[in-house]
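The structure appears right after this line, and notes come after that.
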Amino acid sequence: GKKLGYTFNHRNFHNISLGQGQEVVAEQALDLAAKEGHWVILQNIHLVAKWLSCLEKKLEQHSEGSHQDFRVFVSAEPAPCPESHIIPQGILENSIKITSEAPTGMHANLHKALDNFSQDTLEMCSQEKEFRSILFALCYFHAVVAERRKFGPQGWNCPYPFSTGDLTISVSVLLNYLQASSKVPYDDLRYLVGEIMYGGHITDDWDRRLCRTYLEEFIKPEMLEGELCLAPGFPLPGDMDYNGYHQYIDDALPPESPYLYGLHPNAEIGFLTQRSERLLRTVLELQPRDSSTGQGALGTREEMVQALVEEMLEKLTEEFNMAELMAKVEERTPYTVVALQECERMNALTAELRRSLTELELGLKGELTMTSDMETLQNSLFLDTVPESWLKRSYPSTASLGSWFADLLARISELEAWTRDFSLPSTLWLGGFFNPQSILTAVMQTTARKNKWPLDKMTLQCDVTKKSREDFASAPREGAYVHGLFMEGARWDAQAGTITDARLQELTPAMPVVFIRAIPGDKQDARGLYPCPLYKTRQRGPTYVWTLNLKTKENASKWVLAGVALLLQI
């Protein structure tokens, strides 16, 4: 205050936390402060969206004629999405904006995690060595889970609001346990931190497994024997003082890389590529919409869309005749039911494509009045994105419009081949189904009926072959061969028959054909297997399909930390 030429005390300083019926108090404080030259701090204005218009008017009212020392400070949480931007434009335009950004990178995050404590904290526990070692491991764990978000779905299926409060409470729990017990209760600590303190935020089962695996790697008896590395080239430090730990981070922590999180370097390539694509997409969307696309372009926006509409309508095949297909069916086996369901869903999608494209074509010719839906469709076609009305009837996809439409035609072709005589194809394109779970369930149903086994006691066994799709001439007698799978985070070594480290710049290598068959659950040997989640797209999360057990010579925890998963689309 003195540096600004202004001295304040508790009488001319108003600090108000909004969201608890404090709006009237805030208005009275603003009136008094404007008159007397006080400062007003309004916290959490994002909690009082309806009152913000009143605040804007009040600030405009006091912008002239108020005391020269009058100041107003407001704080708010960042909005999670553009639709949640609720602060009026008038307030934003007339204010100096300051943002507090979270640190980026493991170096800054680890320092910040340690900053929550002091030398006094390190001396609080009678079991100093154990307490200090586990506290540092918890700081590293906190930095890892917070910064891993930047890797997108390969980092976490869902983003979580981990905070310093989670860390400080976890350390308090650690202190209480060590003070009450002469032995370190590793299992209890891992459970409380992983399932309650941090796990309380986590909603996805695979993310919960990841959190649990980190703690199993970081908090274990080996940490007190000097044999634990938190990351490659970064061993857990010994007994040091507070400043010594900060110095150790500066001296010993390797340069920022995905290895610090247990990820492969390809993970960084993937997230930087996606960030670049989003940036370029935004630039494309900012193009003028009512003029030619530029010098040397093929024509106006309308001409380009018109040509695309005509091409798509020409390539779009007729809908499946469900009555004819039903008449062909001799026996409604689980596989036949899946094929008919897929045809019905494909009909719903292609009918919407044909209707909306025909309507837009008439609108562009001037034979129909352009509606908002038609304009939205036109914009999507011009920007090479899949229209929202199509996605509602479609399958999850991250592809551009051109790739998506080519994929759609390939799916129709597969269905046409399958429904000619309804015999199971030699290999199934698992990614070509609207509902891939249905065909995997059909494999179990068919086997259960044949062997008279209870369906709820069965599981799928996954055997990766050394062959490609072209090497198979017929379907197996039991189960099914499937193709079109890709691995992210690692690769499949066909010669060794196990998961192995990915090659640099090979982000999603293709898998060989996989033989899927159903077996009783009690015959599944889980040793030497990595339970690998299968997703429809790289968005992961809600696109989960199934869990396939893949052979591994290394500990499965390595692949959990690396975010290894199988994908049906890339």
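Taking the Cα centre of each part, how many Å lie between the stretch 477-526 and the stretch 305-370?
If you average the Cα positions of each part, the centres end up 34 Å apart.
Between residue 528 and residues 5 or more places away or on another chain, which pairs have amide H atoms under 5 Å apart, with H built 1.01 Å from N, and which residues are they?
So residue 528 has HN proximity to no qualifying residue.
Excluding ligands and nucleic acids, what accessible area in Å² is computed for residue 276 using a 1.4 Å probe, to the nearest 10?
Ignoring ligands and nucleic acids, residue 276 comes out at about 60 Å².
Hey, got a sec? Which GluC sites (Glu not before Pro) in the stretch 444-532 land in a DSSP loop and have at most 16 other Cβ atoms within 10 Å?
Listed in order of number, the matching sites are 478, 506.
How would 217, 367, 330 rank on accessible area, largest to smallest, probe 1.4 Å?
Details: 217 60, 367 125, 330 185 Å².
Ranking 217, 367, 330 by accessible area, largest first, yields 330, 367, 217.
What is the helix-to-structure angle for 334-364, meaning the angle in degrees between its Cα long axis and the longest Cα principal axis of the chain, kept from 0 to 90 and rounded to the nearest 10?
Between helix and principal axis, roughly 70 degrees.
Calculate how steeply helix 436-451 sits against the longest principal axis of the alpha-carbon atoms of the chain, using the helix alpha-carbon long axis, and give the answer as 0 to 90 degrees to the nearest 10.
That helix lies at roughly 60 degrees to the long axis.
Would the stretch 106-265 count as rounded, prolate or oblate if I go by the C-alpha gyration tensor, calling it rounded below 1.5 in a/c and otherwise prolate when a/b exceeds b/c, oblate otherwise?
Numbers: a/c = 1.64, a/b = 1.22, b/c = 1.34.
Taking the square roots of the gyration eigenvalues as a ≥ b ≥ c, the stretch 106-265 is oblate.
Using a Förster radius of 45 Å, what is the FRET efficiency between residue 164 and residue 60 based on their Cβ-Cβ separation? Nearest 0.05, please. Intermediate results must be reported in sequence, preceding the final value.
Numbers: r = 37 Å, r/R0 = 0.83.
The value I calculate is 0.75.
Give a quick list of GluC sites (Glu not before Pro) in the stretch 93-142 that DSSP marks as loop, anything other than H, G, I, E or B, with at most 14 other Cβ atoms within 10 Å. Could the numbers behind the result be given before it?
Values: sites: 93, 101, 123, 128, 130; in loops: 101, 123.
When the GluC sites (Glu not before Pro) of the stretch 93-142 are filtered for loop state and at most 14 Cβ neighbours within 10 Å, 101, 123 remain.
Give, in nm to one decimal, the length gained when the segment between residue 329 and residue 53 is fully stretched (0.36 nm per residue of separation minus the Cα-Cα distance).
Taking residue 329 through residue 53 to full extension adds about 92.8 nm, to one decimal.
Taking a virtual spin label 7 Å from the Cα of residue 341 along the C-beta vector, which residues in the stretch 490-523 bring their backbone nitrogen under 20 Å of it?
516-519
Would you mind calculating the gained length between residue 25 and residue 354 on full extension (0.36 nm times residue separation, minus the Cα-Cα distance), in nm to one decimal? Don't skip to the end; give the middle numbers.
Working: separation 329, 0.36 × 329 = 118.44 nm, distance 5.96 nm.
Taking residue 25 through residue 354 to full extension adds about 112.5 nm, to one decimal.
Any idea what angle helix 242-252 forms with the longest principal axis of the chain, computed on alpha-carbon atoms, 0 to 90 degrees, nearest 10?
Rounded to the nearest ten degrees, it is 40.
So if we plug the beta-carbon distance of residue 307 and residue 287 into 1/(1 + (r/R0)^6) with R0 = 30 Å, what FRET efficiency do we get, rounded to 0.05?
It comes to 0.95.
Leaving ligands, DNA and RNA out of it, rank 202, 41, 86 by accessible area with a 1.4 Å probe, largest first. Mind showing how you got there, number by number?
Details: 202 10, 41 45, 86 70 Å².
Listed by decreasing accessible area, they come as 86, 41, 202.
Of all trypsin sites (Lys or Arg not before Pro) in the stretch 442-526, which ones are in loop regions per DSSP and have a Cβ with at most 12 other Cβ atoms within 10 Å?
452, 466, 477, 503
Mind ordering 193-200, 559-566, 341-348 by average Cβ neighbours within 10 Å, highest first? The partial results should precede the final answer.
Values: 193-200: 19.2, 559-566: 23.0, 341-348: 17.5.
Result, highest mean Cβ count within 10 Å first: 559-566, 193-200, 341-348.
Taking a ≥ b ≥ c as the square roots of the Cα gyration tensor eigenvalues, with a/c under 1.5 meaning rounded and otherwise prolate when a/b beats b/c, else oblate, which class fits the chain? Write down the numbers at each step before the final one.
Numbers: a/c = 2.46, a/b = 1.25, b/c = 1.96.
Oblate is the answer for the chain, as a/c is 1.5 or above yet b/c matches or exceeds a/b.
Using 7 Å Cα-to-Cβ label points, what is the residue 388/residue 243 separation (nm, one decimal)?
5.9
How do 278, 411 stack up against each other in accessible area, from largest to smallest, with a 1.4 angstrom probe? Intermediate values should be presented prior to the final figure.
Values: 278 145, 411 5 Å².
So the residues, ranked largest to smallest area, are 278, 411.
Mind jotting down the distance between the C-alpha centroids of the stretch 13-44 and the stretch 131-194, whole Å?
Cα centres, the stretch 131-194 to the stretch 13-44: 38 Å.
Checking the a/c ratio against 1.5 first, then a/b against b/c, what shape does the Cα gyration tensor give for the stretch 86-158?
Numbers: a/c = 3.83, a/b = 1.80, b/c = 2.13.
It is oblate, given that a/c is not under 1.5 and a/b is not larger than b/c.
Any idea how far apart residue 416 and residue 459 come out in nm if each label point goes 7 Å out from Cα toward Cβ?
4.1
Just the number, please: percent antiparallel of the DSSP beta bridges in the chain, rounded to the nearest 5.
Taking every DSSP beta bridge within the chain, about 70 percent pair in antiparallel fashion.
The values are calculated or read from the model by the stated rules, or taken from the named source; none is laboratory data. Just so you know, these numbers come straight off a predicted model, no measurement behind them. Please note: Cβ atoms are built from the backbone with ideal geometry, for glycine as well, and neighbour counts cover all protein chains shown. For the accessible areas, the whole protein counts, side chains as well, though only heavy atoms, and no ligand, DNA or RNA atoms are used. Shrake-Rupley method; radii C 1.70, N 1.55, O 1.52, S 1.80 Å.
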